[in-house]
Amino acid sequence: MAARPYWKGQIRLALVSIPVEIYSATKSGAKIAFNQIHEPSGKRIKYEKVVPGIGPVDLDEIVKGFEYAKGEYVLLDDEEIEGVKLESKKTLELTQFVEAHDIDMIYFEKPYYIVPADDLAEEAFIVLREALRRTRKVGLGQLAMRGREYVVSIKACGRGLVMETLRYADEVNRASSYFREISDADPDEELLDLATTLIDKKTGKFDATDFHDRYADALRELIDRKKKGKTLNIEEDDKGADPRGSNVVDLMAALKKSIGSGGTGKKAPATAASKSSGKAPAKKTASKSATKPARKRA
């Protein structure tokens, strides 16, 4: 395998140890990076590490420090940090198994592929993989990588395993502090039926190749045009316009129009709500209830 392992060690389940290698499952090749340039000279701006009152310093004079009080530091060198004893530096012990849906998606951070380190490890690796698949469970443990210890989950994926690093509880903001002002009232039943019909109409199988970074594509086109010396016409659309629109939206009418227009995915059968949606009194009542929140936010 050409890629370089991100981590090498062993997965331990009770008394069974499986030598494995872990590789990053993602890449950032699609991102476009910009450098800061000194416009008069066209040269790239670089940064020097400096100490106030002293000036530039050599890299070998720099050590890590923890600020325990204002301007007061505990200094640590790399050997001292590396010497911190953590069993999870070399061993990922699976200490708990849970249903996949028990872990809120907000805790998942980054995926990695796990493969057996050699032929001798393959049999035990396959047993663990198939046991996770048969029980439909996710294994949990802790693993030290690149200067910190992570909570990780492991699940079966094709012929291998996928490990995902998880955020700790204190790294996730409490949703209640953001959602507390949102009403918990039940929505209008007819509006809800129309919305679910629209979702059914646009339901299909997920395929990652259906999506691409349109912003990156536009930036590449811009860069290509600039390289060729072409003049750019930059126009501001809807300058100063309210992003919510100039008119209060009739939610009932918008949902009906959305269902009537073309969409991807399977076409859902007509519901009782959609059949009865032509009644004038229902439309008038629902429209009023839908426009009140919009006026309130304006």
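Every number in this text was worked out from the coordinates using simple rules, so none of it is lab data. None of these values were measured; they are calculated from a predicted model. Counting neighbours? That spans all protein chains shown, and the Cβs are built from the backbone with ideal geometry, glycine included.
Listing for the model above:
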| read-out | value |
| --- | --- |
| Computed Kirkwood radius, in angstrom, where 1/r is averaged over Cα pairs of region 1-81 | 18.8 Å |
| Given Lys201/Lys256; Lys46/Lys226; Lys27/Lys85; Lys8/Lys110; Lys31/Lys110; Lys201/Lys257, the pairs whose alpha carbons are separated by over 20 Å | Lys46/Lys226; Lys27/Lys85 |
| By average C-beta atoms within 10 angstrom, highest first, the peptides 157-167, 71-81 | 157-167, 71-81 |
| Charged-residue dipole, Cβ positions (Lys, Arg, Asp, Glu), region 91-186 about Cα centre, Debye nearest 20 | 140 debye |
| Share of pairwise Cα separations in region 1-145, more than 26 Å, in percent | 54 percent |
| Burial order of peptide ranges 13-24, 45-56, 218-229 (average beta-carbon count within 10 Å, highest first) | 13-24, 218-229, 45-56 |
| Reachable aspartates and glutamates from Lys227, criterion Cα separation under 14 angstrom, eight or more residues apart if same chain | none |
